[in-house]
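Peer 1: The structure that follows is given in the form of structure tokens.
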Amino acid sequence: MNEDMLKSIHEELVAIRQLLAEAIKAPARSAPARATTSVSSYSSSGGGADEVILQPTEVIPNAGDVQVHFGKNNGVALSKLSERSLSWYATEQPPRLDSSGKPYPPRPQETTLRNAARTLWHQNKGTLGQPDAPKGAASAATPAVATESSAHLSDEENVPF
């Protein structure tokens, strides 16, 4: 009986490992339905590949002044980063898992950094608050995004990084 339980646990762990490997290889994770309506896709000037940068859940004032709080860019303001680095901070990163395999809850400084990077990205492209807007369009809908995102903030808090 004990050996059967161990085999069962082993099979389950192998299945979990395969699912995790497939999820890591997937090009994009599925996003909540509300977030997919505010996706803007543009060609990167450096690599030529399409980048998908979501609109911020909260528009951050003076987004370029927000400083990175970790890694090689620790202490560097977002406005001083290259377009490629800014896009990395603006995209969803895979969640960090604890020893039991559960994702850690997002820290406020991580959420602020991601929203600031997204705000600055879309300000630079002229698409802040305008889902699917062409490059260079004026951003007249910025206040609507702020009120919409604050109404759905609880939905975003439960999404793992």
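FYI, it's all coordinate maths here, none of it is from the lab. All figures in this text were calculated on a predicted structure; none of them were measured in a lab. Here Cβ is always computed from backbone atoms with ideal geometry, including for glycine, and neighbour counts include all displayed protein chains.
Peer 1: What is the gain in length, in nm to one decimal, between Ile24 and Lys102 on full extension, counting 0.36 nm per residue of separation less the C-alpha to C-alpha distance?
Peer 2: 26.5 nm
Peer 1: Using amide H atoms built in the peptide plane, which far-off residues or other-chain residues are under 5 Å from His69 H to H?
Peer 2: When sequence neighbours closer than 5 places are left aside, the close amide H contacts are Gly75.
Peer 1: At Thr91 and Leu6, where each label point lies 7 Å from the Cα along Cα→Cβ, what is the point-to-point distance in nanometres?
Peer 2: 4.3
Peer 1: Say each of Val14 and Asn124 gets a label point 7 Å from the Cα, pointing the same way as Cα to Cβ; how far apart are those two points in nm?
Peer 2: Label-label distance for Val14 and Asn124, simple model: 4.7 nm.
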